[in-house]
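Any read-out appearing in this document is the output of simple, stated calculations on the displayed coordinates, not a laboratory observation. This is a predicted model, so every value here is computed, not measured. All Cβ positions, even for glycine, are placed from backbone atoms using ideal geometry, and neighbour counts span all protein chains on display.
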Amino acid sequence: MHDMRYPYNHPDGYEEQLNDQVIAHLHYSLQQGPTLLNLILADLPVEVTDKAEIVAHQADPLPITADTDVNREIDWVVRDEETIIGFESKYGAQLRSTQLEDELAKLNVNADSRDVHLVAITHHAGRPSVMTQFDSEPISWLNWYTVSQTLTQLDAAEIPSSQQVPVQMLQDLFEIEDMTPFTGFNHQDKQQYRYFIRDLRPEVNRIELENRGNLHTWAEESPTPSGGSRIVPEYIAIPFCHKDRPDHDSGNRPKSKRASVPLVVIDTEAHTVHAGVVFGVQKVPSHRELLLDRGDEIARELHDADYELWIGRNSINNRNVPIEKTSELDTMRTWLSDTDKKVLASPSEDNNYRNVWFLRKCSGEDVEALFESVVKTLADQKRRFIEADKYIAIDTLADPDTVWGGTDE
């Protein structure tokens, strides 16, 4: 057998630790035979023989360097007497064409006349668009959820007794790592919102916005929720701040200023998704002044881009004083004036509002198209209010009065 260092780390949700555990379990499994790995590869045009073994991983890479700009370290490599297979694993980071090209080249120079195949394993619910560039190459795609589902649905009779232990350990690992993809909304599973946020995060990361903090599981159930306490709230607001913005508690940045931010809102009753921006008009006075001074212009621009205006005196989920919505331009302009509802009244006045949302409904024929719609809308607001000086001419990432980042509303 190849003298390979045996990797192991306790899982805590990161790619490296996940990869190390998968490698460890497959390493043991292959010592007993190829059955488990071939079941995982069953839908791909490649399989291994009983001579297969793991011969490289990131801590012990393939020895020969390819003639590429970057010397890639493939996550793990399996080789038998006929085939060499590289596995590139992604659970949060983006899958890039240059990386796949470089890794295929590295496999080729280390193949020693063997057939070459590269398998990309990602978190995507559907085949990533980057894979269309490799339709004529020996590169295949799997998602982690399919791997998890394959292991979950295994008939014990299909697996030799000697491989039952690594199968069980992989099943346990994937259960811990929440390897369940977001495939759409229904009214039965509250965990779907957690999966939605988890799977959306890496897509939004591509435009240098990020959602910080833990994912809410809504695991505490009450058969008779009272007041605003619900097993799942009517709206789930998911803030996305700029990647360079300091955390709210650094640099004397007051927590109360976490008010204006690009965000995604899920309506859990209608199962619709909206994206846009919220202005905390009471917590950030400069943003209240912005909307007072240029509300007509902003309303017209966002109305023409199919945004609605939502306003609220309290939390987005306050059921006693629910939010109000309009898609009519005249109503938007009236609400943002210094008369009528006094949405932009100063905190010293009565009946004032706390938040102003500009949100656009996002949709798509499938999950990937839905995520693309969300990312496009967030990118639109990022260009308008974070990157350009058209409306906010001061540094929105440094001034505590103009913080864009995390809101609990």
Item checked: Calculated FRET value between LYS243 and THR183, using beta carbons and R₀ = 25 Å, to 0.05 -> 0.35
Notebook entry, point to check: lysines near LYS51 by alpha-carbon distance under 19 Å, same-chain residues fewer than 8 away left out - which ones?
Noted result: none
Notebook entry, point to check: If each of GLN58 and THR146 carries a label point 7 Å out from its Cα toward its Cβ, how far apart are those two points in nm?
Noted result: 2.3 nm
Next item on the list: Arrange the following residues from fewest to most other Cβ atoms within 10 Å of their Cβ: ILE85, ILE207.
Entry: ILE207, ILE85
Notebook entry, point to check: Cross-link list LYS190/LYS342; LYS243/LYS361; LYS190/LYS341: which exceed 31 angstrom alpha carbon to alpha carbon?
Noted result: LYS190/LYS342; LYS190/LYS341
Item checked: Sites GLU158 and LYS390 - FRET efficiency at Förster radius 60 Å, r taken between beta-carbons, to 0.05 -> 0.45
Check: Which lysines have a Cα less than 21 Å from the Cα of LYS106, not counting those fewer than 8 places away in the same chain?
Finding: LYS90
Note to self: I'd like to compare 110-120, 193-203: which one has the highest average count of other Cβ atoms within 10 Å, and what's the full order after that?
What the structure shows: 193-203, 110-120
Check: Among 135-144, 304-313, how do they line up from the highest to the lowest mean number of other beta-carbon atoms within 10 Å?
Finding: 304-313, 135-144
